[in-house]
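What follows is one structure encoded as structure tokens, with my remarks underneath.
The values are calculated or read from the model by the stated rules, or taken from the named source; none is laboratory data. All figures in this text were calculated on a predicted structure; none of them were measured in a lab. As a convention, Cβ positions derive from the backbone with ideal geometry for all residues, glycine included, and neighbour counts pool all protein chains shown.
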Amino acid sequence: MSSMTEAEIRLLVYKYIGVDGGYLNDFSYSAHESFYPEYCDLLDIDVAAARDKYRSTAKTFLGILQNAAPCDQARIIRGTIKKFEEKYAWSDRGSKGNRELLKPRLEAIAARLEGNVVPPPTLESTSEAVQRALHDTETLLRNGDPVSGVDRVHTAFHGHLLHLCQRDDVNLPKDPTVVQIWKAIITSHPTFQVGGPRRDDIKKMLRSLSAAIDALSPVRNRASLSHPNEALLEAAEALLVVNMTRTLINYLEQKLP
């Protein structure tokens, strides 16, 4: 799992926390030292030694964050969110409103660092539009915008299903929905007609997935940024959609190379 990018680090440090000169918001020396064990469950970070090297609190925080393992970077992100939510829980002082807007992006970055994001599919055979949609999804996730990723991964899934049907001569109804294409593949594609261990159970799982796939379009149309919707998915649900869809694409790539 890759570490935080420079843009992600700047998002956390300069936009979410805030830096004024060498000062990291209201992190005093003692508050900075207690931050890691208290909010991040990180007990072995030597803040004093890092401060001797970097001098200012802001540079010390940056140095620790940049050199931390991805899983520890995720802990620092989540610890920072927790600290500032506690700090402003009783009022609207400071830039609480701006932090609430940034929170979903940071949570998505933390999820990626923790390995909670299904890897992007690598497809040997698909359309250019699908490849571009998959690339867009990955870029949006790296930028901490999983809600926008819902639209792009839905496009990739829909387009790849159509590509497989065209490539392998699977008959479809006119203007099929995503779930109709999925059902056509799992019921009509020759590969899925071959038996195997626990074949009936596998078929039951694939049919059950149709209900989840059927929900993709309304979720994408009514709760993502594909349209000017006011009520948007939260980061956790957006990542659920992205992860589920990527898992299905990866499965089809293994099953129908």
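Table: residues versus (1) closer than 21 Å to Tyr14 by Cβ; (2) acidic (Asp, Glu); (3) modelled with pLDDT under 90.
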site: Ala74; (1), (2), (3): yes, no, no
site: Pro104; (1), (2), (3): yes, no, yes
site: Leu113; (1), (2), (3): yes, no, yes
site: Val117; (1), (2), (3): no, no, yes
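Within the range 217-240, residues that are touching a residue at least 12 places away in the same chain (Cβ under 8 Å) have Cβ atoms under 6 Å from residues that are hydroxyl-bearing (Ser, Thr, Tyr) and surrounded by 14 or more Cβ atoms within 10 Å (Cβ to Cβ) in these pairs: Arg220/Ser226; Leu225/Ser148, counting only partners at least 6 apart in sequence or on another chain.
Exactly one residue out of Ala50, Ala69 is among the small types (Gly, Ala, Ser) and buried (at least 16 other Cβ atoms within 10 Å of the Cβ), and it is Ala50. None of Ala129, Ala156 is without any contact (Cβ under 8 Å) to a residue 60 or more places away in the chain and of a type in the set (A, V, I, L, M, F, W, C) except Ala129. With the condition kept exactly as written, say whether any residue in the range 195-203 is of a type outside the set (Asp, Glu) and surrounded by 15 or more Cβ atoms within 10 Å (Cβ to Cβ). No, because not a single residue in the range 195-203 is of a type outside the set (Asp, Glu) and surrounded by 15 or more Cβ atoms within 10 Å (Cβ to Cβ). Does Leu164 count as surrounded by fewer than 19 Cβ atoms within 10 Å (Cβ to Cβ) and within 22 Å of Ser208 (Cβ to Cβ)? So Leu164 does not fit the description; no.
When Lys174, Lys183 are screened for being exposed (fewer than 14 other Cβ atoms within 10 Å of the Cβ) and in the same structural domain as His135 (by TED's automatic domain parsing), only Lys174 passes.
Looking at Asp151, Asp175, just one residue is assigned to a loop (DSSP other than H, G, I, E, B) and of a type outside the set (Phe, Trp, Tyr), and that residue is Asp175.
Among all residues of the range 34-42, there is at least one that is among the aliphatic types (A, V, I, L, M) and touching an Asp or Glu at 6+ places or on another chain (Cβ under 9 Å). If you take the residues of the range 198-253 that are assigned to a helix (DSSP H, G or I) and hydroxyl-bearing (Ser, Thr, Tyr), which of them is farthest from His135 (Cα to Cα)? The extreme case among them is Ser208.
Here Asp41 passes the criteria (1) surrounded by fewer than 13 Cβ atoms within 10 Å (Cβ to Cβ); (2) in contact (Cβ under 8 Å) with a residue 24 or more places away in the chain; (3) among the acidic types (Asp, Glu); (4) assigned to a helix (DSSP H, G or I) except the one numbered (4). Could you list, in sequence order, the residues of the range 109-156 that are farther than 16 Å from Asn250 by Cβ and of a type in the set (Ser, Thr, Tyr)? Correct list: Ser127, Thr139, Ser148, Thr155.
Take the residues in the range 65-77 that are among the hydrophobic types (A, V, I, L, M, F, W, C) and out of contact with any Phe, Trp or Tyr (no Cβ under 8 Å at 6 or more places or on another chain); name whichever of them is nearest to Arg99 (Cα to Cα). By that ranking, first place goes to Ile77. For Asn67, the criteria (1) within 20 Å of Ala111 (Cα to Cα); (2) of a type in the set (S, T, N, Q); (3) in contact with a Leu (Cβ under 7 Å, 6 or more places away or on another chain) hold in every case but one, which is (3).
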